[in-house]
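What follows is calculated from the coordinates using simple rules that are stated; it is not laboratory data. All values reported here derive from a predicted model rather than from experimental measurement. Every residue, glycine among them, receives a Cβ derived from its backbone with ideal geometry; neighbour counts consider all protein chains shown.
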Amino acid sequence: MTFIVTEGCINCKLQDCIEVCPVDCFYEGENFLVIHPDECIDCGVCEPECPEDAIKADTEPGLEKWLEINTRLANIWPNITAQGEPPADAKDWSGRPGKEALLSERPGRGDG
Ligand code: SF4
Ligand code: F3S
């Protein structure tokens with residue numbers, strides 16, 4: 001299994017999760033982060049850190065699409081190891097449905 005980032009992160013990108021990961025397996029897009037499934041050691045410590053409840057175990061039903069998204073984008077986005085500034089309008093996007101269509105595949109800046 002692995003942990004993965006899901007829709008709730010889009011446009012919120014709060015980055016609390018990055019700080020606790022012991023293996024630095026987060027990768028940064030323009031408005032979203034992903035976890036590299038092959039690098040995640042399934043420790044689970046990031047899951048409760050996300051205020052948007054966006055981090056899930058891939059064993060939860062219905063997350064196949066998000067596992068594919070995390071796997072694909074972790075291989076093309078830069079690594080990020082320390083929390084940066086969330087988007088200025090992050091609060092406006094909290095809990096909003098239908099964010100999946102807004103997922104940008106453009107890379108973020110990263111710091112790895
Ligand atoms: Fe990192 Fe652990 Fe979260 Fe995997 S479960 S992304 S290893 S903090
Ligand atoms: Fe996203 Fe939550 Fe991390 S909003 S950046 S998964 S803390």
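Numerical summary
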quantity	calculated
Among GLY95, GLY62, GLY44: highest mean-square fluctuation, GNM of the chain, C-alpha pairs under 10 Å	GLY62
Kirkwood-type radius of the chain, with distances r between different C-alpha atoms, in Å	13.5
Cys with no candidate disulfide partner in the chain (beta-carbon separation under 4.7 Å rule)	CYS9, CYS12, CYS21, CYS25, CYS40, CYS43, CYS50
GNM top mover of PRO22, PRO51, PRO78 - the chain, alpha-carbon springs below 10 Å	PRO22
For region 65-90 and region 17-38, distance of Cα centres in Å	6
Mean Cβ count within 10 Å, highest first, over the residues of peptides 69-75, 37-43	69-75, 37-43
Simple Cβ-charge dipole of the chain, Lys/Arg +1 and Asp/Glu -1, about Cα centre, in debye nearest 20	320
Globularity ratio of region 1-62, using Cα Rg and 2.2 N^0.38 Å	0.98
